[in-house]
1. In nm, to one decimal, how far is the modelled label at residue 146 from the one at residue 63, with both set 7 Å along Cα→Cβ?
2. For the stretch 113-259, what does the equivalent ellipsoid look like in terms of its semi-axes, each the square root of 5 times an eigenvalue of the Cα gyration tensor, given largest first in whole Å?
3. Report the local net charge at residue 180: Lys and Arg +1, Asp and Glu -1, summed over other residues whose C-beta lies under 15 Å from its C-beta.
4. Using the structure shown, list the pairs from 101/263; 42/260; 104/260; 56/207; 18/192; 18/65 with a Cα-Cα distance above 31 Å, or answer none.
5. Before anything else, pin down the relative contact order of the chain: Cα pairs under 8 Å, at least 6 apart, normalised by residue count, whole percent.
6. Take residue 98 and residue 133, extend 7 Å from each Cα along the Cα→Cβ direction, and tell me the distance between the two endpoints in nm.
7. How much accessible area per residue does the stretch 132-271 have, counting only protein heavy atoms and a probe of 1.4 Å, in square angstrom?
8. Taking the Cβ-Cβ separation of residue 265 and residue 221 as r and a Förster radius of 41 Å, what is the calculated FRET efficiency to the nearest 0.05?
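The values are calculated or read from the model by the stated rules, or taken from the named source; none is laboratory data. Please read these numbers as outputs of a predicted model, since none were measured by experiment. Glycine gets a Cβ as well: all are built from the backbone with ideal geometry, and neighbour counts include every protein chain shown. These accessible areas exclude ligands, DNA and RNA; they are computed on the full protein's heavy atoms, side chains included. Shrake-Rupley method; radii C 1.70, N 1.55, O 1.52, S 1.80 Å.
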Amino acid sequence: MLTGASSYSGTPPRKLAKKPLVVFVTGDHEYSGEETLPLIAKELEKNYGMRTIVLKAYPDHNSEKNIPGLEALKDADLAVFYLRWRQLPPDQLAHIEAYLKTGKPVMGFRTTTHAFNFPKGHESEKWNAFGEFALNSPPGWGGAAKHTHYGHSSSTDVSVIPGEAKNPILTGVGPFHARSWLYRVLPDYPVKGSTWLLMGKSVNPDKEAIENPVAWTGTNSFGGKVFMTTLGHPEDFREESFQRLVINAIHWDLGLKIPKTWKGKLNIEVPYREAK
């Protein structure tokens, strides 16, 4: 696994040529995605025959304007995003746009609904709607979609949508309790045509709450396969059902068979930090 871009040459070793390449793009102020996703990447390489590259905001997770190494997306078979309110320069955005335009699959976690936060009138303002055009989610925080949550003191009971109980992505995934406070995406999202997989019910909400989908699949505006989950608090990654969901979804996005044999619960102990 390569972390960052310093050792990425663009040409994988010959012996790895047929292994799918998953590129993780991380940069969020709050949920430690740059710590949880490398552990997922390590598991993919160790037990599931994949190559991975993990890209991180530089010099740290609060750095909103620089994620080195995005040229790695040119060779990616799957791009996985965990971003929050970035303002990347045009040359870096161009690598993401080029990837999306290939129609290759994408995957997103939680705050990637509001991955970018450019000022009104900025040349890159269109990227504020990344969640919608790439992941079938609301186009950013608040706004006309009224995308919000039910308070940091709340959490979420997650259940399988009955009609999707046999969906391969949900192999080994049962009801579980997530530390993530529930995101409201309804009534207009996920976009029409998406398949809802998991439903969330807010526990101890700070306002009147409704149940909302917390994981879905679909096809985005570029024709690429999408898996999106509004979960992703670091404590969620400690839940075996959530771990299986993530591993299964990566296989699904890549067009691979869902693993019949689970390699075992991962030890993921990563802290949550308050957003700046």
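1. 4.0 nm
2. Those come to 24, 20, 13 Å.
3. -2
4. 101/263; 56/207; 18/192; 18/65
5. Across the chain, relative contact order equals 18 percent.
6. 1.8 nm
7. Dividing the accessible area of the stretch 132-271 by its residue count gives 44 Å².
8. 0.70
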